[in-house]
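Trainee: Below is the structure I would like to discuss, written out as structure tokens.
Each value in this text was obtained by applying a stated rule to the coordinates, not by laboratory testing. No experiment lies behind these values; they were computed from the predicted model shown. Counting neighbours? That spans all protein chains shown, and the Cβs are built from the backbone with ideal geometry, glycine included.
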Amino acid sequence: MIRLGILSFAHLHAHSYATNINALPQCEFVAVYDDDAERGQQAAAQYGATWASSLEHLFHHHLDGVIICSENAKHREHVEAAAGEVAYILCEKPLATTLEDAHAMLQVCKQTNTHLQLAFPVRFSPPVERLAQVVRAGGLGDLLAATCTNHGKMPAGWFRDVSLAGGGAVMDHTVHVVDALRWMTGAEVREVYATIQKQLMHPDVPIDDAGLLSLVMEGGVLTRPLHVSLDASWSRPESYPTWGDVTIEMVGSEGTLWVDAFKQHATIHSNHAGTKQAYWGSNMDGRLVADFCDAINQKRPPSITGEDGVKALEVALAAYRSAQAHTFISI
């Protein structure tokens with residue numbers, strides 16, 4: 001039995017991960033630590049885990065791995081605390097809020113022989129997996145351009161505090177799509193140009209809620225530079241029936257393919273409940289957690305590495321520098 005803990009329920013994805021751990025017969029959700037004691041105790045009671053009053057207490061439970069879902073700015077602190085105490089760490093994205101912190105996290109994991117995996121569940125979306133298969137097989141010919149979106153609603157709480165989140169929508173949503181593109185093409189982002197808007201959709205919140213990025217990627221399966229546009233925004237209103245989207249349209253010399261990672265849903269219109277969307281598609285978070293547990297069980301390296309997290313973070317941070325300088329930023 002694989003024994004897992006969750007370090008903080010600050011990020012809402014922690015609830016999904018806890019649910020999926022409990023659904024896996026080979027895994028046991030053992031303990032929760034959260035520096036917000038009330039939040040942690042509630043989560044422990046909700047998911048049948050033990051509340052740990054300190055990090056030291058958490059690691060006394062002989063865990064095989066932990067999932068870190070704290071505020072972005074606390075990832076380094078918590079990875080450094082867990083490294084060497086557990087063999088495997090799954091860290092919520094983005095890896096950190098600065099490259100200095102990100103590299104320090106990789107270093108401590110290397111020194112303690114700890115495996116660090118990043119939470120990029122879009123890799124486990126069947127439509128995105130199929131796109132990756134077609135791209136790698138050359139089914140679209142020479143890749144020319146990609147148009148991508150990652151829209152969503154503005155989260156509440158610490159996501160609106162730049163000191164804890166590191167940025168707004170661009171920090172939150174750039175990394176998912178960049179990781180998916182790197183993974184499917186084997187290419188790297190070499191140049192970034194970004195236009196970033198604060199308070200566009202949310203005039204009362206002083207943080208970026210909309211961003212449009214232009215990326216140039218080279219290497220991997222590419223025979224020429226790939227030009228990518230990415231709308232990374234919190235542009236969905238609160239009344240929107242679902243969270244948002246992750247879409248990728250890949251254009252090649254031999255064809256075009258468009259995918260939406262969250263398209264598998266039914267829209268329900270009710271006079272009493274309004275409009276809602278019921279998602280019936282594959283569980284990306286479930287497959288991410290199962291992959292993490294499989295790595296622990298097989299004692300293999302993680303499928304999504306700390307280095308992958310650094311590369312995605314580099315692009316998000318370059319976007320902010322580009323928007324401030326009004327020029328392309330080379331990576």
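Trainee: Separation of segment 159-236 and segment 6-78 by C-alpha centroid, Å?
Mentor: Going from one Cα centre to the other spans 29 Å.
Trainee: If you average the sequence gap of Cα pairs under 8 Å that are 6 or more apart and divide by the length of segment 2-119, what percent do you get for the contact order?
Mentor: Relative contact order comes out at 24 percent.
Trainee: Pairs 74/311; 153/198; 74/198; 110/299: which are spaced more than 21 Å apart, C-alpha to C-alpha?
Mentor: 74/198, as the Cα separations exceed 21 Å there.
Trainee: Can you pull out the trypsin sites (Lys or Arg not before Pro) in segment 258-318 whose DSSP state is coil and whose Cβ has at most 11 other Cβ atoms within 10 Å?
Mentor: Filter output for segment 258-318: 299.
Trainee: Please give the helix 13-23 orientation as an angle from the longest Cα principal axis of the chain, in degrees from 0 to 90, rounded to the nearest 10.
Mentor: The answer is roughly 60 degrees.
Trainee: Pull out the extension gain between residue 282 and residue 22, defined as 0.36 nm times the separation in residues minus the alpha carbon to alpha carbon distance; nm, one decimal.
Mentor: Full-extension gain reported as 91.9 nm.
Trainee: Sticking with this one: Highest GNM mean-square fluctuation, the chain, Cα pairs closer than 10 Å: which of 145, 96, 45?
Mentor: Fluctuation is largest for 45.
Trainee: From the phi angles alone, apply the Karplus equation (6.51, -1.76, 1.60; θ = phi - 60°) to segment 4-12 and give each ³J(HN,Hα) in whole Hz, x where the residue is Gly or Pro.
Mentor: The phi angles translate into 10, x, 10, 9, 5, 10, 4, 8, 4 Hz.
Trainee: Angle check, please: helix 284-298 long axis (alpha carbons) against the longest principal axis of the chain (alpha carbons), in degrees 0 to 90, nearest 10.
Mentor: Approximately 60 degrees, to the nearest 10.
Trainee: How much length, in nm to one decimal, is gained on full extension between residue 266 and residue 324, taken as 0.36 nm per residue of separation minus their Cα-Cα distance?
Mentor: Extending this stretch completely gives an extra 16.8 nm.
Trainee: Would you kindly state the longest site-free stretch of the chain, with sites defined as GluC sites (Glu not before Pro) in a DSSP loop (not H, G, I, E, B) surrounded by at most 12 other Cβ atoms within 10 Å?
Mentor: 1-237
Trainee: I would also like to ask the following. Rounded to the nearest 500, what is the 222 nm mean residue ellipticity of the chain from helices alone, with -39500 (n - 2.57) per DSSP H run of 4+ residues and division by all residues?
Mentor: -10500 deg cm²/dmol
Trainee: Could I ask something else about it? Report ³J(HN,Hα) in whole Hz for each residue of segment 149-157, in order, from the Karplus equation J = 6.51 cos²θ - 1.76 cosθ + 1.60 where θ = phi - 60°; Gly and Pro get x.
Mentor: My calculation for segment 149-157 gives 9, 9, 8, x, 7, 6, x, 9, x Hz in order.
Trainee: For the chain, what's the relative contact order in percent, using C-alpha pairs closer than 8 Å and at least 6 residues apart?
Mentor: With pairs under 8 Å counted, the relative contact order is 20 percent.
Trainee: Follow-up. Within a Cβ distance under 11 Å of residue 247, other residues only, what is the Lys/Arg minus Asp/Glu net charge?
Mentor: So the environment of residue 247 carries a net charge of -3.
Trainee: Quick check on segment 100-198: what are the equivalent-ellipsoid semi-axes from the Cα gyration tensor, as sqrt(5λ), descending, whole Å?
Mentor: 27, 21, 14
Trainee: Right, another one. In degrees from 0 to 90, rounded to the nearest 10, what is the angle of the helix 99-111 Cα long axis to the longest principal axis of the chain?
Mentor: Compared with the principal axis, the helix lies near 50 degrees.
Trainee: What does the extension gain come out to for residue 111 and residue 298, with contour length at 0.36 nm per residue minus their alpha carbon separation?
Mentor: Going from the current span to full extension adds 65.2 nm.
Trainee: How many nm is it between the label spots at residue 156 and residue 37, if each spot is 7 Å from the Cα in line with the beta carbon?
Mentor: Taking the two extended label points, one gets 2.4 nm.
Trainee: Right, next: What whole-number value in cubic angstrom gives the convex hull volume per residue for the C-alpha atoms of segment 1-75?
Mentor: 73
Trainee: Kindly write out, for segment 85-95 in residue order, the coupling ³J(HN,Hα) from the Karplus curve 6.51 cos²θ - 1.76 cosθ + 1.60 (θ = phi - 60°), rounded to whole Hz, with x marking Gly and Pro.
Mentor: Per-residue couplings from phi come out as 7, 10, 8, 9, 10, 10, 10, 4, 7, x, 4 Hz.
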